[in-house]
């Protein structure tokens, strides 16, 4: 059905204006972002095709520009609109609090898990916190395979000095889903904790995460001691 054949009050954009956005279906919200259809397909049909392609709404989080452009009728501009809306939604979710307190491994995991969704390589982030463990700044320091040459404590501490941070929390992912630390992870964390202690900027924790679980060096070390 063409949009012009839909009663005006029931068209996606008009519904959004006259009602609350939450009353619109996912396909209607996508239709607003896509904006227009083609000679062959209406914007409504394009939005349904996109939803069928990704399978379920949560998979929109992982969709890429190239995947969107493969749908006939969605060019670069429309794809960019969709990706921008997805990223904005992520950021609203991520930064919904004025102060983000990272004082437990569980909070660190819940805060950071979005950063690693769909990542096929290891990514290493540092979270810089104040004396009350409120987040000041987060920084991606590398992606690839973690070793001592790719992640140097000097780079981690340099950012801490720049941010006037009181402490550091490190998080990296294991795309395999196995969050148990490797020997390299153990050695790296031990060295980093010692250097941080020496420099007066403690490393509070280092988490290894997958999509649904995590390993906390801080938590496991406290159990052993």
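No lab work stands behind these numbers, since they all come straight from the coordinates. As the structure is a computational prediction, the values presented were derived from the model and not from experiment.
Numerical summary
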quantity	calculated
Antiparallel bridges, percent of DSSP beta bridges restricted to the chain (to nearest 5)	75 percent
Choice from 119, 143, 132 showing the highest fluctuation, given a GNM over the chain with Cα pairs closer than 10 Å	132
Helix 183-199 axis, angle to the chain major axis (alpha carbon atoms, nearest 10°)	70 degrees
Options (1) 16.2, 49; (2) 16.0, 43; (3) 22.3, 71 - which one matches Rg and Dmax of the Cα atoms in Å as calculated here	(3)
Sequence-separation-based contact order of region 69-210, relative, with Cα cut under 8 Å and 6+ spacing, percent	22 percent
Region 3-94 shape via C-alpha gyration tensor axes, a/c threshold 1.5	oblate
Antiparallel content of DSSP bridges confined to region 105-224, in %, to 5	75 percent
Helix-only CD estimate at 222 nm, as mean residue ellipticity for the chain, using -39500 (n - 2.57) per DSSP H run (n ≥ 4)	-13500 deg cm²/dmol
Top of 36, 164, 58 by mean-square fluctuation, Gaussian network on the chain, Cα under 10 Å	58
Helix axis angle, 153-163 relative to the chain longest principal axis, alpha carbon, degrees	70 degrees
Selected from 131, 31, 79 as most flexible by GNM, with the chain as the system and alpha-carbon contacts under 10 Å	131
Crossing angle, helix 43-54 versus the chain [Cα axis fit, 0-90 degrees, rounded to tens]	40 degrees
